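Shown next, in structure tokens, is the structure this report addresses.
The values are calculated or read from the model by the stated rules, or taken from the named source; none is laboratory data. These numbers come from a predicted model, not from an experiment. FYI the Cβ positions are ideal-geometry reconstructions off the backbone, even for glycines, and counts take in every protein chain you see. We work out accessible area using only protein heavy atoms, side chains counted, and drop any ligands, DNA or RNA first. Shrake-Rupley method; radii C 1.70, N 1.55, O 1.52, S 1.80 Å.
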Amino acid sequence: MPALDPDLKKAIVRMPGAEKDKLLLRLITKDAVLTERLQFELVEGGKTIDERRGLIRDFIDRTAKLHADTAGWLMMDMRTVSGYISRHLKVTKDKYGEVELMLYMLNTFYEHNAHLLQKYNSRTDKAAEYIAKRAEQVLKKVVKLNPDYYIEFADDINRLLSWVHYTAPAHYARQLGLPKEWDL
């Protein structure tokens with residue numbers, strides 16, 4: 001998005017307050033994520049973060065239990081859930097929650113649909129690659145958090161790495177250099 005012209009900035013600043021407010025409200029409604037972020041910060045005071053995480057966990061549980069027919073459908077379901085997690089991060093700036101929810105999503109989908117990802121073949125290829133890349137992404141994000149949180153994630157990360165290295169994504173896990181076990 002291009003930067004505002006300095007003359008335009010000055011003109012906006014000089015606008016009467018009521019006119020500026022109407023313009024601002026009109027602009028905010030055009031951006032759904034910004035609207036939700038302002039709702040979270042200004043109205044909810046940032047106090048509903050646990051409730052928001054809980055709603056996403058419930059959505060993950062419901063979606064994982066749908067029992068997809070193929071690995072391709074499973075991947076599409078995970079991508080949908082991943083979109084909700086990304087939106088949660090954009091709205092709340094909750095980096096801890098992003099890692100927690102990503103781990104929960106990957107492990108929950110494996111627990112309910114492992115039979116679709118037992119062996120690597122042409123039908124599991126895309127999902128296997130997606131899962132391995134998501135696991136890599138989680139590992140990169142968790143190390144950016146405060147080291148005090150590592151102990152909370154260790155079991156879930158090691159469970160995920162076990163799934164990834166001993167099912168269809170193993171080929172991609174080796175290519176990406178994912179560890180077989182995550183050391184604190």
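A single member of Tyr84, Tyr110, Tyr96 is buried (at least 18 other Cβ atoms within 10 Å of the Cβ) and either in a helix (DSSP H, G or I) or modelled with pLDDT of 95 or more (or both), and it is Tyr110.
Residues in the range 25-47 that are more than 23 Å from Lys95 (Cα to Cα) and either part of a helix (DSSP H, G or I) or in contact (Cβ under 8 Å) with a residue 12 or more places away in the chain (or both): Leu25, Arg26, Leu27, Ile28. Select from the range 48-72 the residues that are in a helix (DSSP H, G or I), open to solvent by less than 100 Å² (accessible area, probe 1.4 Å) and not hydrophobic (A, V, I, L, M, F, W, C) and list them in ascending order. Within the range 48-72, Arg52, Arg53, Gly54, Arg57, Asp58, Asp61, Thr63, Gly72 qualify.
Test Tyr149 against the criterion of being without any contact (Cβ under 8 Å) to a residue 60 or more places away in the chain, outside any helix (DSSP H, G or I) and open to solvent by 40 Å² or more (accessible area, probe 1.4 Å), and give yes or no. Spell out the reasoning first.
Working: without any contact (Cβ under 8 Å) to a residue 60 or more places away in the chain: yes; outside any helix (DSSP H, G or I): no; open to solvent by 40 Å² or more (accessible area, probe 1.4 Å): yes.
In short, no.
Return the total of residues in the range 159-178 being part of a helix (DSSP H, G or I), touching a residue at least 40 places away in the same chain (Cβ under 8 Å) and aliphatic (A, V, I, L, M). Talk me through it step by step, then tell me what you get.
Going residue by residue through the range 159-178, those that are part of a helix (DSSP H, G or I) are 159-166, 170-176.
If we keep only those that are touching a residue at least 40 places away in the same chain (Cβ under 8 Å) as well, we get 159-160, 163, 170-173, 175-176.
Filter once more, so that each one left must be aliphatic (A, V, I, L, M): 160, 170, 173, 176.
Summing the residues that are part of a helix (DSSP H, G or I), touching a residue at least 40 places away in the same chain (Cβ under 8 Å) and aliphatic (A, V, I, L, M) in the range 159-178 gives 4.
Each residue in the range 133-146 was checked for being open to solvent by less than 30 Å² (accessible area, probe 1.4 Å) and in a helix (DSSP H, G or I), and 4 pass.
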